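Before any comments, here is the structure.
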Amino acid sequence: MGKKKISLARVVQVAQGEWNILWEGMGIFLEQYGYERAEKESEADWLVTGYPIEEKKLKVKKSGKKCDIFYWEKAHFYRGLTLLFQNGGKEELEIEEKVNFHSNGMMMDCSRNGVPTVDTIKQYVVWMASLGMNRLYLYMEDTLEIQGYPFWGYLRGRYGREEMQECDGFAALFGITLVPCIQTLAHLRTALHLPAFADYKDIDDILLLEEEKTKDLLSGLLTTVAECFSGGIVHLGMDEAAHLGRGKYMDLHGPEKGAKLMKRHLEWLMEECRKRGLKAMIWSDMYLRLNFGTENYYGIGKDALPEGEENLSKEAGLCYWDYYNEGTEFYKNYLLLHKRLGNPLIFAGGAWTWNGVAPCVSRALKISYDALDACVETGTEDVFVTAWMDNGAETPLLTVLPTLLLYGEYGFGERPDRKKLEERFAFCFGKRLEQYCLLDAFDNPDYQEWRGERMGAFAGHDMDRKGYDNRYSVNPSKTFLYQDNLMGLFGKMYDGEKMGGQYLSLEKELDAVLSGQESLGEEDKELFGYYRILARLLSIKANVGERIREAYRSGDREKLKELAENDLEKTAMLAQELNRRREAIWMKEYKPFGYEVLDIRLAGVRQRALSAAHRLQCFLSGSIPGIPELEEEILPYKTKEMLEGDLQHGFYLWERMVTAGNIDGV
């Protein structure tokens, strides 16, 4: 049986130009989902008619060959198509969903070494359209070119104007607005460490404000934004600048209150945006900290008032970001706190793709349910999920899909349950949600318990209260992967034996996934093949340091010989294979720039395993009298008292994992 042919009927409610855009986008969409476009209505198996409506609803009706989609936003039309395709076997069909959000999107991190290719962006546009999502945010610190600044994004894979214009035009076909997320205050470490930008730096990664050079740079950046993105929206960043005005700025101008300095800078930026017809938003953390006089972004009381009105600005949208807190009540209180300030409000949640080398799926699902429940209850109409890639984009981008799906499905109808998520994941992405949830086992010490009650995990209720959702976002997989075999800094922080057993079980489960390869797409074969190698490596390396120390201190020379010739040699071999597989995934998702960092890191895993084996063999041969590294006691990296009150208990920076020595600085 051949592919079904589908045509798009012309209706007076849709102007010719808009119909042409729908027709073009529909052609791309049909190909993605295995249908053909019928050029003539008479040749169609299904005749689809799209009706734009004022009501915040999506309606899909089918009677025989005739299919009607009533949509509030263009992106919703494409969701309607997937609902139609998903239920295509039914002769009669009627679906009606309320629209819960004005805008619903995802943010791709394009700045932490991984810069998604144009093809990657286009694929996510189509996936988002299938869910009815209508905004794609692109986080670009220094990876969007500025004419006249050749060192801006130098050797970082920056986007050229033509690339962004191509992506913007493609997204517009599906009713998706591309929103550039730039930085106009801080978070510019990679640019500011270059000699070319030495004069633009205040302190840390913060720009030197109120200098003509800085204004020219930012004016050029905003001009690029206006010329590349048709949606007229820009995210100006302005987050996490704790030392604002305390460096070179203070040397030049003397002490200045951060709130006043930020207010003047924001006013200048808003004027520049107005000149270019741009509506702006900012991350709200610095705005709240400075105006409420607190260091704790999440510690402001629900009835607190700002210290004064003079430093507030009502025009910029405030983006409340929260990936850490639990409980719908907390999110409701913080959303209402933002609403009282009078600014447009946008909520940003997190997919926990930045936790290390694997996604923290259970954590992402838990906090997403809590946050989206609160957004619906408080009438917060603009939301998006962030896919940050901190410290080098170690986790493949593809692992964002479970949380992306949750946001998409939460945008319509009632709170999505597990069954709906699994069905939509399978249809929209051609993948199995259960398989992607397996990856939670890399970092969740309570994974087996979470998995055993996963129905609760997807419902966001009973199970989560038991604490099986990796509450403090620990990331043993990254620490085990990178910590030294002889001088492991985190030997007292995780149960290496328990986690080693968990990784061994996970390897078997990933083997089972891969044994049914005929049902896996090529990208899933690569993804789960990579993670199977990682699980195998970690099953050895998780407690190899403990076993080496135990054998050394007990004088078990046979055991030391076995560890050197077997475990450490296997670790080196697997690290090399892991590198090869990670590179293959990277080169499909991202531009090649940035992979050199992971190449160096994984090569280091291999070499340090070989070096440790060599040290053991030197000791066993008698060429050295002892191994001093094994004679110094391993201490807890953080005590319980240090961890008290922290929202995160994981360890994230590679440069602080591999050695207690100096690797970053003089």
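The values are calculated or read from the model by the stated rules, or taken from the named source; none is laboratory data. None of these values were measured; they are calculated from a predicted model. Using ideal geometry, Cβ is built from the backbone for each residue, glycine included, and neighbour counts are taken over all protein chains shown. Heavy atoms of the whole protein, side chains included, go into the accessibility calculation; ligands, DNA and RNA do not. Shrake-Rupley method; radii C 1.70, N 1.55, O 1.52, S 1.80 Å.
Take the Cα gyration tensor of the stretch 280-430, multiply each eigenvalue by 5, square-root it, and list the three semi-axes largest first, rounded to whole angstrom.
Square roots of five times the eigenvalues give 29, 18, 13 Å.
Let a ≥ b ≥ c be the square roots of the eigenvalues of the Cα gyration tensor of the stretch 203-326; is it rounded (a/c under 1.5), or, if not, prolate (a/b larger than b/c) or oblate?
Working: a/c = 1.84, a/b = 1.20, b/c = 1.54.
The shape class here is oblate.
Regarding the stretch 1-117, what's the average projected area of the Cα-atom convex hull, expressed in nm²? Before the final figure, lay out each step's value.
Values: hull surface 37.4 nm².
Over every viewing direction, the Cα hull of the stretch 1-117 projects on average to 9.3 nm².
Relative contact order of the stretch 554-610: what whole-number percent is it, with Cα pairs under 8 angstrom and at least 6 residues apart? Spell out each step's value before the answer.
Values: 29 pairs, mean separation 28.7, N = 57.
Dividing the mean separation by the residue count of the stretch 554-610 yields 50 percent.
Counting only DSSP beta bridges with both residues in the chain, the antiparallel share comes to about 25 percent.
I'd like the distance separating the alpha-carbon centroids of the stretch 201-248 and the stretch 94-132, in whole Å. Computed from Cα coordinates, the inter-centre distance equals 26 Å. Taking a ≥ b ≥ c as the square roots of the eigenvalues of the Cα gyration tensor of the stretch 76-157, is the shape rounded (a/c under 1.5), prolate (a/b larger than b/c) or oblate? Prolate, because a/c is 1.5 or more and a/b exceeds b/c.
Per the Debye calculation on the stretch 544-664 with a single equal scatterer at every Cα and no solvent contribution, log₁₀ I(q)/I(0) for q = 0.10 Å⁻¹ amounts to -0.45. What net charge do the residues around ASN20 carry, taking every other residue with its C-beta under 14 Å from that of ASN20, with Lys and Arg at +1 and Asp and Glu at -1? My count for the surroundings of ASN20 gives 0. Based on protein heavy atoms only, the stretch 190-272 ends up with 41 Å² per residue of surface accessible to a 1.4 Å probe. If I fit a long axis through the Cα atoms of helix 328-340 and take the longest principal axis of the Cα atoms of the chain, what angle between them do I get, 0 to 90°, rounded to 10? Result, in degrees: 60.
DSSP beta bridges fully contained in the stretch 40-105 are about 65 percent antiparallel. In terms of the mean number of neighbouring beta-carbon atoms within 10 Å, the peptides 407-420, 371-384, 649-662, 99-112 order highest first as 99-112, 371-384, 407-420, 649-662. For the stretch 282-323, a/c is not less than 1.5, where a ≥ b ≥ c are the root eigenvalues of the C-alpha gyration tensor, and a/b does not top b/c. That puts it in the oblate class.
Near ILE203, the amide H atoms lying under 5 Å from its own belong to LYS248; only residues 5 or more places off or on other chains count, and H is placed 1.01 Å from N. 3J(HN,Hα) along the stretch 19-28, derived from phi through the Karplus expression 6.51 cos²θ - 1.76 cosθ + 1.60 where θ = phi - 60°, amounts to 4, 4, 5, 4, 5, 5, x, 5, x, 5 Hz, with x in place of Gly and Pro. Each Cα pair under 8 Å and six or more residues apart adds its separation to the average, and for the stretch 27-112 the resulting relative contact order is 25 percent.
Close amide H contacts of ILE233 (hydrogens built in the peptide plane, cut-off under 5 Å, sequence separation of 5 or more or a different chain): LYS279. How far is helix 258-275 tilted, in degrees, relative to the longest principal axis of the Cα atoms in the chain, given as a value from 0 to 90 rounded to the nearest 10? The helix 258-275 is inclined about 40 degrees to the chain. In whole percents, the pair-distance distribution calculated for the stretch 355-400 from its alpha-carbon pairs, binned every 5 Å from zero, is 5, 19, 25, 20, 15, 11, 6, 1. The protection proxy used here, the mean number of other Cβ atoms lying within 10 Å of each residue, ranks peptides 357-370, 7-20 as follows, highest first: 357-370, 7-20. Given their separation in residues at 0.36 nm each and the Cα-Cα distance between them, ASP417 and GLU329 gain 29.6 nm when the chain is fully extended. Distance between Cα centroids, the stretch 508-585 to the stretch 624-661: provide it in whole Å. Using only Cα atoms, the two centres lie 22 Å from each other. To the nearest ten degrees, helix 161-173 and the longest principal axis of the Cα atoms of the chain are 50 degrees apart. Based on alpha carbons, the Rg and Dmax found for the stretch 347-460 are 13.4, 37 Å.
Pairs from the table (LYS478/LYS570; LYS59/LYS366; LYS279/LYS591) lying more than 20 angstrom apart at Cα are LYS59/LYS366; LYS279/LYS591. With helices as the sole contributors, the chain gives -14000 deg cm²/dmol at 222 nm; each DSSP H run of n ≥ 4 counts as -39500 (n - 2.57), and the sum is divided by every residue. Per-atom-type breakdown for the chain gives carbon and sulfur 49% of the accessible area (1.4 Å probe, protein chains only). In the stretch 616-666, one over the average inverse separation of all distinct C-alpha pairs is 14.5 Å, which is the Kirkwood hydrodynamic radius. Accessible surface area normalised per residue over the stretch 1-160 is 40 Å², counting heavy atoms of protein chains with a 1.4 Å rolling probe.
Accessible surface of LYS201, taken over heavy atoms with a 1.4 Å probe and every protein chain present, rounds to 70 Å².
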